[in-house]
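Asks: Before anything else, here's the structure in question.
The values are calculated or read from the model by the stated rules, or taken from the named source; none is laboratory data. Because the structure is a prediction, the values reported are computed rather than measured. Here the Cβ positions follow ideal geometry from the backbone for every residue, glycine too, while neighbour counts run over all protein chains shown. Accessible surface is based on the protein model in full, side chains and every heavy atom, while ligands, DNA and RNA are left aside. Shrake-Rupley method; radii C 1.70, N 1.55, O 1.52, S 1.80 Å.
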Amino acid sequence: MYNAAEIQQVAVIGAGDMGHGIAEVALLAGYRVHLYDIKQEYLDRGVKRIHDSLAKLAEKGKIDADTHERSRQLLHPTTDLSEAVSAAQFVIEAVPEVLKIKQEVFQKLDQLAPETAILGTNTSNMSISDIASVTRRPERVVGVHFFNPVVLMKLVEVIRGEKTTEETMQTACEVCRKLGKEPIRVEKDVPSFIVNRINAPIRVFLGAVVDAGEATPEEIDAMVRDAGEPMGPFELLDYVGLDITYDSMDYRRQVLDPEYGPFEALEKLVKAGHLGKKTGQGFYDWSNGRPAIDLSKKTDVISFRDIQFVKLNEATKLIEQGVSNAKDIDRAMVLGTGDRVGPIEACKDVPPEEIAERLDELASRYRKAILQPTALLRTGGYR
Ligand code: 3HC
């Protein structure tokens, strides 16, 4: 297997929202990058987005002219998978979040990429072990989960599958550092890992508030933005893509608990083909760019504290299961979502009994057992 210093050629499989961003940061780090997609039109769109983003960085003086030119030269787009991976030392897959598609891709990658290459998957939620199981090299398969927009968000969750070796984990972390990212290790292969898992009950909770007609997405976003966060939760869903959110919630419904499933307002929009920013309409109208949220409309039905309590509670589930620790969880939330502080730090001065009492109230008001406080939360042992 390669160590990070020997890696010079990277292949990115899928040129969509995540793939084009991953390819861009690899180019900026000086890697030769083969970018693959199944259709020329998808590839062209991804390449244009890379060129536009590089131009934006150059225009703002964030990269110099040489880096700009070198990054463009290092990019090799192709619709031939064999050409993309046959000399790659590190492959990152970013194809749609459907296990069957990912497994088909991994089967081919295993046949076409050098035996020694590391195969990374940018899955947002799915089991690394399930994806690795179709290859003859599960020890060199690893989760490398980036955040949107890749060029700006600093976090990569590096996830260990059941058979991933320590050497693979270390090489993946080192490559992520070279990409200018901060890797956070996820030692157990659990659904949605850290950040998406902690945000999972937030989607359920806020979706229930909207479905009950107690507050609109804009009123909730206004409250969150007013608290100083960079994006409101519904604006973020539109930004990431409602289809992606729907599929993630559906996956968690199947593998974690039915209560994690999609909420009605989301389901209606997805069925109508309103997928957020990329289609121009979602919870908001994006036809004139980022929605202007009127902060004076903020709801008082629920508070920003409630959101922090729900996140903290989910974080305690991850600590209880040995998936991560308080420090890494807080760091991951800040780097992956722009939250000003992580959930554990945010709640450190609030007595656990007060948090547990409010969570019990929310769980019964919205009939969601997944919001009930964990044993660790009740004892305050997370602090
Ligand atoms: N390329 C280059 N530069 C870009 C860019 C791009 N693609 N996109 C934005 N920029 C630049 C802008 O030009 C701007 O530059 P300036 O500061 O020099 O003017 C700067 O980045 C900031 O952009 P904006 O002014 O448009 O907006 P914000 O200040 O709000 O920052 C943000 C944008 C960083 C996206 C911020 O809103 C944020 O942190 N939002 C939360 C994002 C988040 O939570 N992401 C995680 C989603 S979940 C996920 O990815 C999981 C996965 O599994 C789906």
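Asks: For the chain, with every protein chain kept in place, what is the accessible area per residue (1.4 Å probe, Å²)? If you can, show how the numbers build up before the last one.
Replies: Numbers: 16190 Å² over 383 residues.
I get 42 Å² per residue for the chain.
Asks: As a test question: what accessible area, to the nearest 10 Å², does K56 have when a 1.4 Å probe is rolled over all protein chains in place?
Replies: Result for K56: roughly 120 Å² accessible.
Asks: Show me, for the range 9-24, the HN-Hα J-couplings you get by feeding each phi into the Karplus relation (A = 6.51, B = -1.76, C = 1.60, θ = phi - 60°), rounded to Hz, glycine and proline as x.
Replies: My calculation for the range 9-24 gives 10, 10, 10, 10, 9, x, 10, x, 3, 7, x, 5, x, 5, 4, 4 Hz in order.
Asks: R252: net charge of surrounding residues, Cβ under 11 Å, Lys/Arg +1, Asp/Glu -1, itself excluded? Don't skip to the answer; put the middle values down first.
Replies: Numbers: positive: R197, R203, R253; negative: D247, D250, D257, E259.
That works out to -1.
Asks: If you find the alpha carbon centre of the range 1-72 and of the range 204-250, how far apart are they in angstrom?
Replies: Here the answer is 31 Å between Cα centres.
Asks: Same structure, new question: Can you work out the Karplus-derived ³J(HN,Hα) for every residue in the range 108-113? Use 6.51 cos²θ - 1.76 cosθ + 1.60 with θ = phi - 60°, whole Hz, and x for glycine or proline.
Replies: Coupling constants for the range 108-113: 5, 4, 4, 6, 9, 7 Hz.
Asks: How many angstrom lie between the C-alpha centres of the range 87-131 and the range 305-329?
Replies: Taking the Cα centre of each part, the range 87-131 and the range 305-329 sit 29 Å apart.
Asks: Of all the accessible heavy-atom surface of the range 81-207, with the other protein chains kept in place and a 1.4 Å probe, what percent is carbon and sulfur?
Replies: Working: 2090 of 4220 Å².
Answer for the range 81-207 is 50 percent, counting heavy atoms of protein chains only.
Asks: Report D for the chain in µm² per second (integer): Stokes-Einstein, Kirkwood Rh on Cα pairs, 37 °C, 0.692 mPa s. List each step's numbers first, then the result.
Replies: Values: Rh = 21.4 Å.
Stokes-Einstein gives a translational diffusion coefficient of 153 µm²/s.
Asks: Going through the cross-link list K163/K368; K100/K327; K62/K188; K108/K268; K62/K181; K100/K311, which pairs have a Cα-Cα distance over 26 Å in this structure?
Replies: Details: K163/K368 35 Å; K100/K327 35 Å; K62/K188 36 Å; K108/K268 36 Å; K62/K181 16 Å; K100/K311 31 Å.
Beyond 26 Å between Cα atoms: K163/K368; K100/K327; K62/K188; K108/K268; K100/K311.
Asks: Still on this structure, I have one more. Separation between the A5 and V98 pseudo-spin-labels, each 7 Å from Cα along Cα→Cβ, expressed in nm?
Replies: For A5 paired with V98, the spin-label model returns 4.4 nm.
Asks: For the chain, what is the calculated [θ] at 222 nm in deg cm²/dmol (nearest 500), taking -39500 (n - 2.57) for each run of four or more DSSP H residues and dividing by its residue count? Present the calculation step by step, with values, prior to reporting the outcome.
Replies: Numbers: 17 runs with 187 residues, N = 383.
That comes out to -15000 deg cm²/dmol.
Asks: Show me, for the range 237-249, the HN-Hα J-couplings you get by feeding each phi into the Karplus relation (A = 6.51, B = -1.76, C = 1.60, θ = phi - 60°), rounded to Hz, glycine and proline as x.
Replies: 4, 4, 5, 6, x, 5, 5, 5, 4, 4, 4, 5, 5
Asks: Please give the charge dipole size of the range 165-314, origin at the Cα centre, charges +1 on K and R Cβ atoms and -1 on D and E Cβ atoms. Round to the nearest 20 debye.
Replies: For the range 165-314, the charge dipole is close to 380 debye.
Asks: Rounding to the nearest 10 and keeping the result within 0 to 90°, find how far the Cα-based axis of helix 352-365 lies from the longest principal axis of the chain.
Replies: 90 degrees
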